[in-house]
Structure formats: C-alpha cells, structure tokens
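Below is one structure; the comments refer to it alone.
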Amino acid sequence: MIADLFDQLPAPLVLGAGSVHLRGYALAEEIALLTGIADVLALAPLRQMVTPGGQPMSVLTSSCGALGWISDRRGYRYSEHDPHTGQPWPPMPAVLLQLATQAAAQAGYADFVPDACLINQYQPGARMGLHQDRDEQDFNQPIVSVSLGLPAVFLWGGARRSDKPMRVPLQHGDVLVWGGEDRLRYHGVLPVKAGSHPLLGNVRINLTLRKAG
Ligand code: MD6
Ligand code: FE
C-alpha cells in the first residue's frame, strides 16, 4: 500500500527555520511524475536558455503551469507563454500539483497552490551557480523542489552570497520545501557526476514549484 511506503520514509531533516528535506517523499509517485513530465516536455521541449549577461546556462529548461520561468538577454522573468512555441505552457500534471501541496503542508505551509513549475535537466557536468529565487511576487510563499534521476550535491547557503554553503546530498525522490525566513537564501548545485539511474539514465531532473504570480 502507498500508506505503508510513507510509513517507511526517513524522518524529515530540518535545514533551517522555514525549510525541510523530505527524503524519498516523491518515490511513491515516481512513475506518475515521470510520465507527467514526459507529456509536458513533448509540448514544451527542453531548451538551453541564456542568462541576461549572455552566458548559456548549463541546464536545459522547460516549464508547466500557468506561468513559466524564462531567461534571455532581457532578464529573468515569468511568462504566460512559451517563447519557443508561442503557446501557453502545458498544464501542471495533477500528480505534481498534489505532491507539492502535500509536501508544503507537511512542512507547515498550508494551502500552497503553485502556478509555476520550472523543469531543469542536468546532464553530467551541468551545475547551478549560487543564486536567490526572487522573480516571484510574494516571498511569503514557499518553494517545493523535487529531485529525480542522478544524485546531486545541493549548496545551501545563507543570506549573503559570501556565506559558506552547507552541502546537502539530494537523491532521486527527495523533496525540499523552503520558505519563511529561509526564502531568499543563496543556493546552487555542484556539477552533476555521470552515472546511470534505472529510470532516467544519465540525467538529473529538478522540478521547482512556486506560486509565482
Ligand atoms: C536544483 N534548485 O535543485 C536547483 N530553488 O537543481 C533550485 O534552484 C531551487 O531546489 C529554489 C528552491 C528550491 C530549489
Ligand atoms: Fe533556485
């Protein structure tokens, strides 16, 4: 039974006053999640975005939900349309929405209803430099992040870019929920090591769900 799977999950790890690491939280829905993401990517393909400074990002990116996060020479922002297709972003798979709402509630954020899910695919060597997530309207809303595929080392920094980050190992199925006083902490991902995941092969996928608008 699914309920038994939840019973066997390791205890949540507290990362900060507003943040928890729910190890294995997404495992019970891994197939439904991956199917849902595959459907999204068939309509809104992964693509390489450039930073406002003109640097190509090492991750490949797409989105689903009412709003999608984009980056180009004009800046970072949310958009109702996929610039690649000119179409609205594909809807957020119901299983993903439900997982995010449940994980947020478990972390103390009741009634989280995300309107944006950013999909980042990391091939071996891809990384994410230290950054803050600050393109959303309301920093009182938490962020839920789901890791799938190859493991990665997450850098969990502080309020200043220069604060030395903690290293948090993230595995397939792990979920991070963060908000409150941690909402604007710097964070990033070390270069992903090559490997082979039974379901995803040689990639890591990270889903970040936000209430952006
Ligand atoms: C990643 N995650 O795990 C990158 N941002 O690949 C993020 O940048 C992130 O996990 C905000 C909140 C949670 C996250
Ligand atoms: Fe981020």
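Yes or no, residue by residue, for (1) closer than 11 Å to Asn206 by Cα; (2) away from ligand 2 (no atom under 13 Å from the Cβ); (3) touching a residue at least 40 places away in the same chain (Cβ under 8 Å):
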site: Gln132; (1), (2), (3): no, no, yes
site: Gly149; (1), (2), (3): yes, yes, yes
site: Leu155; (1), (2), (3): no, no, no
site: Ser162; (1), (2), (3): no, yes, no
site: Pro165; (1), (2), (3): no, no, no
site: Pro169; (1), (2), (3): no, yes, no
site: Val175; (1), (2), (3): yes, yes, yes
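Within segment 32-56, take every residue that is hydrophobic (A, V, I, L, M, F, W, C) and in contact (Cβ under 8 Å) with a residue 60 or more places away in the chain and give me the one that is farthest from Thr101 (Cα to Cα).
Leu46
How about segment 67-90: which of its residues are part of a loop (DSSP other than H, G, I, E, B) and crowded, with 16+ Cβ neighbours inside 10 Å?
Asp82, Trp89, Pro90
Among Pro169, Pro124, which is outside any loop (DSSP other than H, G, I, E, B), surrounded by fewer than 17 Cβ atoms within 10 Å (Cβ to Cβ) and more than 9 Å from ligand 1 (Cβ to nearest atom)?
Testing whether each residue is outside any loop (DSSP other than H, G, I, E, B), surrounded by fewer than 17 Cβ atoms within 10 Å (Cβ to Cβ) and more than 9 Å from ligand 1 (Cβ to nearest atom) leaves just Pro169.
For Val146, work out the one condition from (1) within 11 Å of ligand 1 (Cβ to nearest atom); (2) surrounded by fewer than 20 Cβ atoms within 10 Å (Cβ to Cβ); (3) in a strand (DSSP E or B); (4) not polar (S, T, N, Q) it doesn't fulfil.
(2)
Is at least one residue of segment 106-114 part of a loop (DSSP other than H, G, I, E, B) and either among the β-branched types (Val, Ile, Thr) or within 20 Å of Arg204 (Cα to Cα) (or both)?
Within segment 106-114, one or more residues are part of a loop (DSSP other than H, G, I, E, B) and either among the β-branched types (Val, Ile, Thr) or within 20 Å of Arg204 (Cα to Cα) (or both).
Every number here is computed from the coordinates shown, using simple stated rules; none is lab data. Everything numeric in this text was worked out from a predicted model, so none of it was measured. Every residue, glycine among them, receives a Cβ derived from its backbone with ideal geometry; neighbour counts consider all protein chains shown.
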